[in-house]
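One structure below.
The values are calculated or read from the model by the stated rules, or taken from the named source; none is laboratory data. Predicted model, so just to flag it, every value in this text is computed and none were measured. Cβ sites come from the backbone with ideal geometry, for glycine too, and all protein chains shown count toward neighbours. Note: accessible area is taken over every heavy atom of the protein model, side chains too, but ligands, DNA and RNA are not part of it. Shrake-Rupley method; radii C 1.70, N 1.55, O 1.52, S 1.80 Å.
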Amino acid sequence: MNGTARARQREETRRTLVRESRRLFAARGYGAVGLSEIVRAAGVTKGALYHHFDSKAELFRAVVEQVQQEVGRRVAEGADAMDDPWDQLVAGCEAFLAAGADPEVQQIMLIDGPAVLGWNEWRAMDEAASASHLADALAALVEAGVIAGQPLAPLTRLLSGAMNEAALWLASSTGPNDLADTQAALVRMLESLRVRS
């Protein structure tokens, strides 16, 4: 087997490990899934797993990163579907809540993510995946005079925290209108930031 074929095989093994562990972590949570179960589901040996990841936590980190990137893409796609910068902010925030309503996203990104990785590492990953998009959108709106001039770091953290908390609440809510009601409340909250002429 040449080097290119080996590299493809290594990458395929890594993708399979991430895919199967993601499926298991989403269904049962990080704490309830063992490495033996992951390698069995992936059809590889523990040695193959350790060739790619030093630990179960490192494998989980790769899964969280993948989920956060997917959520970030959903948010960007929702925002990019709009032309007006204000509508982009609202659509991106609504897309985040919709993505956070997905039980797989809730379990991996919002419940197990901070608990397993620690708050600081989880926040750094969240910042890289989506919080920077929120900060950029808010900065553009302040610069355009749509939102009053103010320090952006606290505003970004407040909105991000509110949306994460809402997504966690949606994880345990049972009302058929809870997502729509939460998105409507978010829009009302965002509207309060707009400068009135």
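Data overview
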{"item": "Spatial separation of Cα centroids for the range 48-74 and the range 114-175, in angstrom", "result": "21"}
{"item": "Overall form of the range 1-92 per C-alpha gyration tensor (a/c, 1.5; a/b vs b/c)", "result": "oblate"}
{"item": "Accessible surface, per residue, of the chain when the full set of protein chains is kept, probe 1.4 Å, Å²", "result": "52"}
{"item": "Inter-label distance, nm, simple model (7 Å from Cα along the C-beta direction), Thr4/Ala185", "result": "5.6"}
{"item": "Accessible area (Å², 1.4 Å probe, nearest 10) - Leu89", "result": "10"}
{"item": "The chain: DSSP helices with Cα axial extent of at least 24 Å and average Kyte-Doolittle hydropathy no lower than 0.5", "result": "152-172"}
{"item": "Ranked by how many other beta carbons lie within 10 Å on average, peptides 101-108, 176-183 from highest", "result": "101-108, 176-183"}
{"item": "Projected label distance in nm at Asp178 and Asp136, using a 7 Å step from Cα toward the beta-carbon", "result": "3.2"}
{"item": "Inter-site label distance for Arg194 and Thr16 at 7 Å from Cα along Cβ, in nm", "result": "5.3"}
{"item": "Rel. contact order, % - alpha carbon contacts under 8 angstrom, at least six apart, the range 1-158", "result": "22"}
{"item": "Three-way shape label, the range 76-193, alpha-carbon gyration tensor, a/c 1.5", "result": "oblate"}
{"item": "Rounded if a/c under 1.5, otherwise prolate or oblate - the chain, Cα gyration tensor axes", "result": "prolate"}
{"item": "Net length gained if the chain between His51 and Arg73 were fully extended (0.36 nm per residue, minus Cα distance)", "result": "5.0 nm"}
{"item": "Portion, in percent, of the accessible area of the chain that falls on carbon or sulfur, probe 1.4 Å", "result": "52"}
{"item": "Contour minus Cα-Cα distance for Ala62 and Leu158 (0.36 nm per residue)", "result": "31.9 nm"}
